[in-house]
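Undergrad: Here it is: the structure, laid out below.
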Protein chains: 2
Amino acid sequence: MKQANSMHVTLQDVARQAGVSAKTVSRVVNNQGEISEDTRVRVQAVIEQLGYRPNYLARSLVSQRSHSLGVVTAGLEHHGPSHTLAGIEQESYKLGYSLLFSLLPEPDVPNIAPVLDNFVARRVDGIIWAVAEIQNNRAWIRPEVLVNLPPIVFLSMAPRAGLSIVAVDNRDGGMQAAQHLIDIGRKKVGMISGPLGWWEARERLAGGRQALEAAGVECSPSLVSEGDWSAASGARCMRQLLERRPDIDAIFAGNDQMALGALGVAHQLGRRIPEDIAVIGFDNIPESDSFWPPLSTIHHQLFEAGCISVNVLQKMIELRLHGRDHAPVLPTILTTSLIVRASTVSVSQLERN
Amino acid sequence: MKQANSMHVTLQDVARQAGVSAKTVSRVVNNQGEISEDTRVRVQAVIEQLGYRPNYLARSLVSQRSHSLGVVTAGLEHHGPSHTLAGIEQESYKLGYSLLFSLLPEPDVPNIAPVLDNFVARRVDGIIWAVAEIQNNRAWIRPEVLVNLPPIVFLSMAPRAGLSIVAVDNRDGGMQAAQHLIDIGRKKVGMISGPLGWWEARERLAGGRQALEAAGVECSPSLVSEGDWSAASGARCMRQLLERRPDIDAIFAGNDQMALGALGVAHQLGRRIPEDIAVIGFDNIPESDSFWPPLSTIHHQLFEAGCISVNVLQKMIELRLHGRDHAPVLPTILTTSLIVRASTVSVSQLERN
DNA sequence: TATACTTGCGTCAGCGCTGTCGTTATCGCT
DNA sequence: AGCGATAACGACAGCGCTGACGCAAGTATA
């Protein structure tokens, strides 16, 4: 007989049926206040009988907290964003937050105002900005904009004063990769970088350069080619590099997909991996272990970055609630680790066989 | 001077400042009713000056529509789910819906009640169930449960009466793959299937079997091995198959990752692709074009499946609003297409070279 | 027995917004 | 001048819930 107008059972419905006030039902639902075991049981029974589900929207309206977080990301088809998102989701769930999800069609959408407006309109408690920093797609980040927004955590961007940032140490990862190639005795290291509009691509490349220069190994522009993260671009770059510099004996690719493309070209041109050319990638995607040959790479903790960002955000939300807002925010930088597989083997080890 | 208690500018604030009633501001915001150009401009100015943003929660509370959809998925790290999600997001945005996102840690979570409860509590207008059908993880789908939920669309599951379903024709895709291997003259086709708990894996395998049997090509259990979708499992299965049946001249892998693993083992064992063994995968992940050799595969429209599911859901929501609820729901089945690359070449073509 | 305190609940207002139904002021028309 | 029609707004209630407060009955203390 109900159902008709509101479609949902309300607190009032339960209260009427149980012969108590709405407030008492509210207390039972929220486990608060002093309630006799008697009424608690009775109300609980009615709740189940009627199939009552609280309306979080109404609750949020009065409590001024939605217990939801806005997440903005782009390029879910890539390894990084999807793993980070998984980490964000898991941690949010643990902390009792729901996720409002917004996916940008590309990372450098010019006008992000609608996305932010939507989050504000839905009164999210905080925002996680998990879009890679490319070109000047972070130009909108200005104090006068941020002040009208809930707390925000930024993922994978260059540290900046006053912002909460969680990022992977791409530069150090790049150094590790190049250093490994040096360690196994390679002298002519070609580098296939990601698109240089991306901060992460620049960092990885810079790290590689730094290691090469420190070791006194050649590091000229003719040894660098810019891809777009895709395997196809990796193949293109590889061909270009080998044409320019046939003496190349190692490749550092900005990600595993491009490394895959490079491997394919090497096979096609009859270059043996790792005897003629050693190859190392970046990201440690699951498939890289099954490339031919299995790919050495740099592992970084994207899932963990997602988890951490949620925790940082949670703390910021608490702080704002308690008034203390301008607490110092330290960027969190996650370290990378080297994974050595068959695609890189030291020269001396090769000679031994 | 405001800000202190409510943190947000409200309709009332704007109304006071503009010297009109709250209702008038509401009319301006929603572009409804008769308003003189004069007041409209004046109110608009105050809105901008104060930085007013409507509170969708309050609006939803009275309008009984949240303009949000709940999406449940699992295994975002895989190609399928992430692409489908991208399609869902794009189409939802177009139709003015926001996405509430829930990620299951694994596809066969025993208790999905919390997820559904959360969606109901947040009053989503509809739900998209984008979790693969595996084992009996759809046992919860019973009429008495569904009746208490908003409209739901199910992705990639076996058609079932009374449910709205959007799925890819995995069986036909499997047939296309096997038929292609037959067409290029292969006689001993090994099959590396996905985990057989998955409906999609069973369908692909069944399609392959069907094509082989129809062509009178051998199709015995010794030619089938069960993987877990991962490249590593593909390698394991490949080794096992070649050990059991050294006469294999073709492989149909349940997805591209497992095909990648198979390729690696073939290289390792010195079998030439495609001369000795032709390999075809399933999914058409971007990298498959850069495998060595480039992988033939079955393409299916996952992104489109996401888009379609949102549109179907939208229609269901409209129907329920207008009372007519029990309209017939037809399953949407998307067709697949064959992509031929270097990993499968006809015997005759090989002989010509 | 009077006082203070606790337990167990109800009353009421209000979160921010919109739908319904007024109420004026103005206009055109006879 | 008198009438109805329209335009342009405001008053009010209520969506479902919770926080602040109140109040009666029971319990402990002096």
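Undergrad: Kindly indicate the residue of the range A:92-102 that is more than 9 Å from chain B (Cβ to nearest Cβ) and surrounded by fewer than 20 Cβ atoms within 10 Å (Cβ to Cβ) and also farthest from A:Leu57 (Cα to Cα) among those meeting that condition.
TA: Among those residues, the one meeting the criterion is A:Lys94.
Undergrad: Then there is this: For the range B:115-144, give me each residue that is touching a Leu at 6+ places or on another chain (Cβ under 8 Å) and without any contact (Cβ under 8 Å) to a residue 12 or more places away in the chain.
TA: none
Undergrad: Filter the range B:1-15 for residues that are of a type in the set (S, T, N, Q) and away from every other protein chain (no Cβ under 11 Å); which is farthest from DNA strand C (Cβ to nearest atom)?
TA: Per the stated criteria, the residue is B:Gln12.
Undergrad: Can you tell me which condition B:Glu275 does not meet? The list is (1) touching a His at 6+ places or on another chain (Cβ under 8 Å); (2) closer than 15 Å to B:Gly185 by Cα; (3) acidic (Asp, Glu), and all the others hold.
TA: Just one mismatch for B:Glu275, condition (1).
Undergrad: Working only within the range A:182-223, note down all residues that are under 26 Å from A:Val131 (Cα atoms) and among the hydrophobic types (A, V, I, L, M, F, W, C).
TA: Scanning the range A:182-223 gives A:Met191, A:Ile192, A:Leu196, A:Trp198, A:Trp199, A:Ala201, A:Leu205, A:Ala206.
Conditions (1) over 13 Å from the mean Cα position of the chain (by Cα); (2) within 16 Å of DNA strand D (Cβ to nearest atom), marked per residue:
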{"site": "B:Tyr52", "(1), (2)": "yes, yes"}
{"site": "B:Asn55", "(1), (2)": "yes, yes"}
{"site": "B:Leu69", "(1), (2)": "yes, no"}
{"site": "B:Val72", "(1), (2)": "no, no"}
{"site": "B:His79", "(1), (2)": "no, no"}
{"site": "B:Gly96", "(1), (2)": "yes, no"}
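Undergrad: Any residue at all in the range B:132-141 that's within 13 Å of chain A (Cβ to nearest Cβ), of a type in the set (A, V, I, L, M) and either buried (at least 22 other Cβ atoms within 10 Å of the Cβ) or assigned to a helix (DSSP H, G or I) (or both)?
TA: no
Undergrad: Hey, another quick one. So A:Glu89 passes all but one of these: (1) surrounded by fewer than 21 Cβ atoms within 10 Å (Cβ to Cβ); (2) at pLDDT 95 or above; (3) within 13 Å of chain B (Cβ to nearest Cβ). Which condition number does it fail?
TA: (1)
Undergrad: Regarding the range A:45-63, can at least one residue be identified that is closer than 30 Å to A:Gly87 by Cα, away from DNA strand C (no atom under 13 Å from the Cβ) and modelled with pLDDT of 95 or more?
TA: Yes, the conditions are met somewhere in the range A:45-63.
Undergrad: So is B:Pro105 facing chain A (nearest Cβ under 9 Å) and touching a residue at least 40 places away in the same chain (Cβ under 8 Å) or not?
TA: Values: facing chain A (nearest Cβ under 9 Å): yes; touching a residue at least 40 places away in the same chain (Cβ under 8 Å): no.
Against the criterion (facing chain A (nearest Cβ under 9 Å) and touching a residue at least 40 places away in the same chain (Cβ under 8 Å)), B:Pro105 does not qualify.
Undergrad: Can you tell me which residues in the range B:39-50 are crowded, with 18+ Cβ neighbours inside 10 Å and either in contact (Cβ under 8 Å) with a residue 60 or more places away in the chain or near DNA strand D (Cβ under 10 Å from one of its atoms) (or both)?
TA: Residue satisfying the conditions is B:Val43 alone.
Undergrad: Could you list all residues from the range A:39-83 that are assigned to a helix (DSSP H, G or I), within 22 Å of A:Leu302 (Cα to Cα) and facing chain B (nearest Cβ under 9 Å)?
TA: A:His79, A:Pro81, A:Ser82, A:His83
Undergrad: Still on this structure: Being among the charged types (D, E, K, R), assigned to a loop (DSSP other than H, G, I, E, B) and modelled with pLDDT of 95 or more narrows it down to one of A:Asp289, A:Asp247, so name that one.
TA: A:Asp247
For every residue, the table says whether it meets (1) buried (at least 24 other Cβ atoms within 10 Å of the Cβ); (2) farther than 25 Å from A:Pro293 by Cβ; (3) among the polar types (S, T, N, Q).
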position: A:Gly216; (1), (2), (3): no, yes, no
position: A:Ser220; (1), (2), (3): no, yes, yes
position: A:Ser233; (1), (2), (3): no, no, yes
position: A:Gln257; (1), (2), (3): yes, no, yes
position: A:Leu260; (1), (2), (3): yes, no, no
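Undergrad: Can I ask one more? Conditions first: (1) in a strand (DSSP E or B); (2) more than 9 Å from every other protein chain (Cβ to nearest Cβ); (3) over 20 Å from B:Phe303 (Cβ atoms). B:Ile128 passes all but one, so which condition is the exception?
TA: (3)
Undergrad: Residues in the range A:113-122: is at least one of a type in the set (Gly, Ala, Ser) and either surrounded by fewer than 23 Cβ atoms within 10 Å (Cβ to Cβ) or at pLDDT 95 or above (or both)?
TA: Within the range A:113-122, one or more residues are of a type in the set (Gly, Ala, Ser) and either surrounded by fewer than 23 Cβ atoms within 10 Å (Cβ to Cβ) or at pLDDT 95 or above (or both).
Undergrad: Tally up the residues in the range A:200-231 that are in a loop (DSSP other than H, G, I, E, B) and in contact (Cβ under 8 Å) with a residue 12 or more places away in the chain, please.
TA: 8
Undergrad: Condition (residue is within 30 Å of B:Gly323 (Cα to Cα), under 43 Å from the mean Cα position of the chain (by Cα), away from DNA strand D (no atom under 11 Å from the Cβ) and not assigned by TED's automatic domain parsing to the domain that holds A:Pro150) applied to the range A:6-18: is it met by at least one residue?
TA: No, the range A:6-18 has no match at all.
Undergrad: Does B:Gly96 count as farther than 21 Å from A:Gly51 by Cβ, free of Cβ contacts under 8 Å to residues at least 60 places away in the same chain, in the same structural domain as B:Arg320 (by TED's automatic domain parsing) and within 16 Å of DNA strand C (Cβ to nearest atom)? Full working, then the answer.
TA: Values: farther than 21 Å from A:Gly51 by Cβ: yes; free of Cβ contacts under 8 Å to residues at least 60 places away in the same chain: yes; in the same structural domain as B:Arg320 (by TED's automatic domain parsing): yes; within 16 Å of DNA strand C (Cβ to nearest atom): yes.
For B:Gly96, the condition - farther than 21 Å from A:Gly51 by Cβ, free of Cβ contacts under 8 Å to residues at least 60 places away in the same chain, in the same structural domain as B:Arg320 (by TED's automatic domain parsing) and within 16 Å of DNA strand C (Cβ to nearest atom) - is met.
Undergrad: Which condition does A:Ser309 not pass, out of (1) under 20 Å from the mean Cα position of the chain (by Cα); (2) within 14 Å of another protein chain (Cβ to nearest Cβ), if it passes all the others?
TA: With respect to (1) under 20 Å from the mean Cα position of the chain (by Cα); (2) within 14 Å of another protein chain (Cβ to nearest Cβ), A:Ser309 is out only on (2).
Undergrad: Then there's this: Taking the range B:27-38 as the search range and keeping residues that are away from chain A (no Cβ under 14 Å) and more than 7 Å from DNA strand D (Cβ to nearest atom), which one is surrounded by the most Cβ atoms within 10 Å (Cβ to Cβ)?
TA: The residue in question is B:Val28.
Undergrad: From B:Ala86, B:Ala74, B:Ala18, which residue is farther than 28 Å from A:Pro151 by Cβ, among the aliphatic types (A, V, I, L, M) and either away from DNA strand C (no atom under 16 Å from the Cβ) or free of Cβ contacts under 8 Å to residues at least 12 places away in the same chain (or both)?
TA: Answer to the selection: B:Ala74.
The values are calculated or read from the model by the stated rules, or taken from the named source; none is laboratory data. Everything numeric here is computed off the predicted structure, so don't read it as measured data. We place every Cβ from the backbone using ideal geometry, glycine too, and count neighbours over all the protein chains shown.
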